[in-house]
Amino acid sequence: MNEFLRKKWEMADLADDYIFNKLMLDYDICLEVLRRILPDLHIKKIKLPNNQQEFAVAPDAKAVRFDIYTTDEQGNHYDIEMQVADHHNIAKRIRYYQTASSMETYDKGQPYEQADDSYVIFFCNFDPFQLGQQRYVLHKHIDEIPKQIIEDGQTDILFDVPSLRHDVDPKVQAFLDMIAQREVEATDPLVVKLKERIAVVKRNRKWRSEYVRRSVYEMDQEMREKKIREGERKIRDGKREILEGKREIKEGQDRLKEKEQLIQEREQKLHEN
């Protein structure tokens, strides 16, 4: 197990959500990634990225934990996520993340039109909507007038990291290539910074220990969930067998009644003769 975890740590890269998280905590990296994704915003500075910030829209509501959360000097809010596995719930997951993020954009007593804008950005290790796009930018629109975008201040941006379409800006493509472990231009300042940061993360013993503990916990959780699923399957199979047994008993009882009825009919005929 120790050898497995050691190799897992050594092989972990940007596509690993833990490593991605630690890299994006770097102020310069986070700022540059946002600038490349949203060049029209002309972002000059951001608050120090917050790691694993948790929000809940209500005391009894499901809490959401953002991978990376920050704001810029204009008040725009950014949630940046690495999504490794496809749980087939990306649309509703984004909706909840936006809801939680939006709660931060409305100050008490502030007019609605002055609310800050919020951006939820997902780097997916799969095609999030199975439509073949490399990048998906989501806004609300009017069904009867699809081109009419509703300016509500919310923007969702999703990237299919493994995609080879190369439909995005070259600077964004370089970052996606780094995540996907493809060849990248070694002179790109962000690429240089990312490689340096990865080396720093890998040398950090505290983070390595945390990664190992988290990996063990995730494996335990996976094993526990597997056992639960196996138990649920056995219960379903048991119920199916019980129903099948009841059906067979019912069929046997019906056949027995039919035989008894035939015997009674024969005895009645003999008695009549």
Scanning segment 63-101 for residues that are under 21 Å from Gln114 (Cβ atoms) and under 14 Å from the mean Cα position of the chain (by Cα), which turns out surrounded by the most Cβ atoms within 10 Å (Cβ to Cβ)? Asp79
A careful count of residues in segment 184-218 that are of a type in the set (Phe, Trp, Tyr) and in contact (Cβ under 8 Å) with a residue 60 or more places away in the chain gives 2
Is there a residue being open to solvent by 90 Å² or more (accessible area, probe 1.4 Å) and modelled with pLDDT under 95 anywhere in segment 9-23? yes
Output yes when any residue across segment 33-53 is open to solvent by 10 Å² or more (accessible area, probe 1.4 Å), on the phi > 0 side of the Ramachandran plot and modelled with pLDDT under 90, and no when none is. yes
Condition met for Gly245 (under 42 Å from the mean Cα position of the chain (by Cα) and among the small types (Gly, Ala, Ser)): no
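For (1) within 18 Å of the chain's Cα centre (by Cα); (2) open to solvent by 60 Å² or more (accessible area, probe 1.4 Å); (3) of a type outside the set (Val, Ile, Thr), each residue gets a yes or a no:
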{"residue": "Cys124", "(1), (2), (3)": "yes, no, yes"}
{"residue": "Tyr136", "(1), (2), (3)": "yes, no, yes"}
{"residue": "Ala174", "(1), (2), (3)": "no, no, yes"}
{"residue": "Gln181", "(1), (2), (3)": "no, yes, yes"}
{"residue": "Thr187", "(1), (2), (3)": "no, yes, no"}
{"residue": "Leu194", "(1), (2), (3)": "no, no, yes"}
{"residue": "Val200", "(1), (2), (3)": "no, yes, no"}
Any residue in segment 149-166 that is buried (at least 16 other Cβ atoms within 10 Å of the Cβ), assigned to a strand (DSSP E or B), touching a strand residue (DSSP E or B) at 6+ places or on another chain (Cβ under 9 Å) and among the charged types (D, E, K, R)? yes
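The values are calculated or read from the model by the stated rules, or taken from the named source; none is laboratory data. Keep in mind that what you see is a predicted model, and the values were worked out from it rather than measured. Please note: Cβ atoms are built from the backbone with ideal geometry, for glycine as well, and neighbour counts cover all protein chains shown. Ligands, DNA and RNA are stripped out before the accessible areas are found, and what is left, the full protein with its side chains, is counted by its heavy atoms. Shrake-Rupley method; radii C 1.70, N 1.55, O 1.52, S 1.80 Å.
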